[in-house]
Amino acid sequence: MDTYILGIESSCDDTSAAVLRGEELLSNVTASQQVHRDYGGVVPELASRAHQQNVVPVVDQALKRAGVAKESLSAIAFTLGPGLMGSLLVGVNFAKGMARSLGIPLVSVNHLQGHVLAHFIREPGEEHTPPPFPFLCLLVSGGNSQIVKVNAYNDMEVIGQTIDDAAGEAIDKCSKVMGLGYPGGPVIDRLARQGSPTAFQFAKPSIPGLDYSFSGLKTSFLYNMRKWVAQDPGFIEANKEDIAASLEKTVVDILMDKLVKAARQTGITHVAVAGGVSANNGLRNAFAQASEKLGWTTYIPKFGYTTDNAAMIGITGYYKYLDSDFCRMDTPAFAKTTFR
Ligand code: KG4
């Protein structure tokens, strides 16, 4: 008998629902919230309210597009954390209520595990080669920068992580200083393609082991911008492509240095990338170069699965469902980054 999983994601500012038949994605519907645009970042209370408005129509659309009746669902998978507590609570309580009313199991999903397992989503009729175990995954988003050793679907170890800011957060904060709005990642990416990556030098951290740090880069960026703008108020506008390209290169170099070290230490040559920053062109090129130079087999997600989406929650829920790893009705959401 086929297994149908409904996945629900509401950890930040995207309300998303997806339906999967086994590993095959039947629908993935996302309502992205525009209310935050004017504020230069996500406003938690506004995000919760928007989730509240979106969750019913988004789930309804996902089921309709998949052509699956809710009575046919095998289980409901939802993001338990990490994320914004108010946002999480909307999805968590919706999922609990729906599972209870249908009398089907509930599967809680760690958002970070979801990003990693997005590599296993199969679209109908698609030839698909997911990474074999064990593989390394560079997980880079607005809230996380981690190197994860993936031993099995439900067995992951974080072997390196940021001790302060995340890569995406650093890019967003630097682009804010440049007056480029929020989120800055996609704008920096676009501008960087027209600039010189060696035009400016920004600080690179010196952190032992496989951990990352991005706060020094952010501070040196801020310091330099203030200095240059004091000398010439039009400096950023006149040099924005070169600044963006140099910033992007610095972030990508920091990320790749530790990833190369991790691959050497573990002997693993199957290397994946996941999370919002994996949409970045410079990072994707660095992966292509590493695969040529170092003999890695690399795995880069489709653009649609780099940012927050319910398809990745659904696929993770599917593997947990196969293990009968269900969650209780009184399981609380959690906000803090953890791989539990
Ligand atoms: O995984 P994600 O969608 O969500 C959270 O972390 O909540 O990641 C969002 C992050 C933001 O920091 C955004 O600026 C960054 O991913 N991002 C990018 C690009 N697209 C999104 N960073 C660099 N280049 C991009 N093309």
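The values are calculated or read from the model by the stated rules, or taken from the named source; none is laboratory data. Keep in mind that what you see is a predicted model, and the values were worked out from it rather than measured. As a convention, Cβ positions derive from the backbone with ideal geometry for all residues, glycine included, and neighbour counts pool all protein chains shown. The protein model used for the area step is the full one, side chains on, heavy atoms only, and it has no ligands, DNA or RNA in it. Shrake-Rupley method; radii C 1.70, N 1.55, O 1.52, S 1.80 Å.
At R0 = 41 Å, how high is the FRET efficiency between Asp325 and Tyr39 if r is their beta carbon distance? Nearest 0.05 is fine.
So, using R0 = 41 Å, E works out to roughly 0.60.
At a 10 angstrom cut-off on C-beta neighbours, averaged per residue, how do the peptides 175-181, 58-64, 242-248 rank from highest to lowest?
Averaged packing, sorted descending, gives the order 242-248, 58-64, 175-181.
Got a number for carbon plus sulfur as a percent of the chain's accessible area, 1.4 Å probe?
About 50 percent, which is the carbon plus sulfur part of the accessible surface.
Ranked highest first by the average count of other Cβ atoms within 10 Å around their residues, in what order do 295-302, 136-143 fall?
Order by mean packing, descending: 136-143, 295-302.
Roughly what % of Cα-Cα distances in the stretch 77-162 sit above 21 Å, to the whole percent?
Roughly 44 percent, rounded to a whole number.
Assuming R0 = 35 Å, can you tell me the calculated FRET efficiency for the pair Asp257 and Val229, based on Cβ-Cβ distance, to the nearest 0.05?
The pair Asp257/Val229 has a calculated efficiency of 0.70.
Averaged across orientations, what area in nm² does the convex hull of the alpha carbons in the stretch 48-109 project?
For the stretch 48-109, the mean projected area of the Cα convex hull comes to 4.1 nm².
For the stretch 224-331, what ratio Rg/Rh do Cα atoms give with a Kirkwood hydrodynamic radius?
With Rh from the inverse mean 1/r over Cα pairs, Rg/Rh is 1.15.
Take the Cα radius of gyration of the chain and divide it by 2.2 N^0.38 Å, with N its residue count; two decimals is plenty.
1.01
At a probe size of 1.4 Å, how large is the accessible area of Thr337, to the nearest 10 Å²?
My reading of the accessible area for Thr337 is about 70 Å².
Out of all DSSP beta bridges with both ends in the chain, state the antiparallel percent to the nearest 5.
Approximately 60 percent, going by the DSSP bridge assignments.
Taking the Cα centroid of the stretch 172-200 and of the stretch 114-148, what is the distance between the two, rounded to the nearest whole Å?
Value for the Cα centre distance between the two parts: 26 Å.
Ratio of the stretch 184-243's C-alpha Rg to 2.2 N^0.38 Å, to two decimals?
With N residues counted in the stretch 184-243, Rg over 2.2 N^0.38 Å equals 1.27.
What is the spin-label model distance, in nm, from Ala199 to Asn285 if the labels are put 7 Å beyond Cα along the C-beta direction?
Each label point is offset 7 Å from its Cα along the Cβ direction, giving 1.4 nm.
Checking a compactness column here: for the stretch 4-90, what do you get for Rg(Cα) / (2.2 N^0.38 Å), N being the number of residues?
Taking the Cα Rg and dividing by 2.2 N^0.38 Å, one obtains 1.11.
Could you please tell me the mean projected area of the C-alpha convex hull for the stretch 1-155, averaged over all directions and given in square nanometres to one decimal?
9.8
In square angstrom, what is the accessible area per residue of the stretch 189-340 with a 1.4 angstrom probe?
That works out to 49 Å² for each residue.
Once each part is reduced to its C-alpha centroid, what is the distance from the stretch 249-285 to the stretch 44-82 in angstrom?
32
Modelling each spin label as a point 7 Å along the Cα-to-Cβ direction, I'd like the Thr266/Ile163 distance in nm, to one decimal.
My value for the distance between the label points is 2.1 nm.
Using the Kirkwood radius built from alpha carbon pairs, what does the Stokes-Einstein equation give as D for the stretch 287-340 at 10 °C and 1.306 mPa s, in µm² per second?
108
For n ≥ 4 DSSP H runs only, could you compute -39500 (n - 2.57) per run for the chain, divide by its residues and tell me the 222 nm figure to the nearest 500?
-14000 deg cm²/dmol
Which order do Lys204, Lys96, Lys293 take when ranked by solvent-accessible area (1.4 Å probe, heavy atoms of all protein chains), largest first?
Largest accessible area first, the residues go Lys293, Lys204, Lys96.
Going by alpha carbons, how many degrees (0 to 90, nearest 10) lie between the helix axis of 167-177 and the longest principal axis of the chain?
That helix lies at roughly 50 degrees to the long axis.
Taking all protein chains together and a probe of 1.4 Å, list Phe334, Phe303, Phe133, Phe214 from the most accessible to the least accessible.
Correct descending sequence by accessible area is Phe303, Phe133, Phe334, Phe214.
May I ask for the angle, rounded to the nearest 10°, between helix 281-294 and the longest principal axis of the chain, with both axes built from Cα atoms and the value confined to 0 to 90°?
In the chain, helix 281-294 runs at an angle near 90 degrees to the longest axis.
Can you tell me how much longer the chain between Arg65 and Asp155 gets when fully stretched, taken as 0.36 nm per residue apart minus their C-alpha distance, in nm with one decimal?
29.2 nm is the gain from fully extending Arg65 to Asp155.
To the nearest 10 degrees, how steeply does helix 44-66 sit against the main Cα axis of the chain, on a 0 to 90 scale?
50
Within the stretch 42-58, which residues have the backbone N less than 18 Å from the label spot 7 Å out from Ser101 along Cα→beta-carbon, could you tell me?
51-58
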